[in-house]
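Peer 1: Take this structure first; my questions come after.
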Amino acid sequence: MLEHFIRWLLDRFRDMGYPGIIVLMAIESSIFPLPSELVMPPAGYLAAKGEMSFALAVACGVLGSILGALANYGLALWLGRAFVRKLGRYVFVSERSLDRSERFFADHGEISTFLARLLPVVRHLISLPAGLARMPLPRFVLFTGLGAAIWCTILTWIGWFIGKKEDVLLSALDDEAKRYASRAVVILLPILVVLAVAYVVWHRRRAARRGSG
């Protein structure tokens, strides 16, 4: 089943080109999450075969991620908390998950938008509390784009790496991509913790300087 889906993705990329990546990554970042591990690695695989540009594939992935995140942001901003909670029931987003994402955003501020783009599950949820909190749009796009750029680059490189290994069959692409993506998350977690702590310390020191001034 997954092999057929991967082949379908590769065919769509060949047929639609880069717009296909934008559409699929926009879906991945929306409230209808499509695993990015099934989107960007195939693009990297095609890049390794000389059928796509690595840089353009990443750029399209980032653009799609921003567009999907903006859809969530807009829903939360315009329709409010009650509607978002009600909508979550129909798209398999539990109220508990929404509560956790809101607390995460409230506790860590704007940098949570950046950090969340690198974390499973939280990735597509963080746009909702950002919209509810009316986070300034330029900052939301900036932090979303930065986080998405790192994650899309990692996944595209994974696909490129797999594509360069002649002994890896297309049928193994999904399993290989998920395995490497899981390792990437394990490596990223301590880095993200350090970044979060550094940001909190910097933010508090800046607030203290403003208070003393």
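Peer 1: For M40, M25, what ranking results if the residue with the fewest other Cβ atoms within 10 Å of its Cβ goes first?
Peer 2: Lowest count first: M25, M40.
Peer 1: Could you run the Karplus curve 6.51 cos²θ - 1.76 cosθ + 1.60 with θ = phi - 60° over the stretch 152-163 and give me ³J(HN,Hα) per residue in whole Hz, x for Gly and Pro?
Peer 2: Here the 3J(HN,Hα) series is 5, 5, 4, 5, 5, 5, 4, x, 5, 4, 5, x Hz.
Peer 1: Still on this structure: How would you rank S53, S127, going from fewest to most other Cβ atoms within 10 Å of each one's own Cβ?
Peer 2: Going from least to most buried by this count: S53, S127.
Peer 1: OK, next. Test of understanding: ordering W157, W151 by Cβ neighbours within 10 Å, fewest first, what list do you get?
Peer 2: So the ranking, lowest neighbour count to highest, is W157, W151.
Bear in mind that the values in this text are calculations on the coordinates, not laboratory data. Since the structure is predicted, the reported quantities are computational estimates derived from the model, not experimental observations. Backbone-built Cβ (ideal geometry, glycine too); neighbour counts: all protein chains shown.
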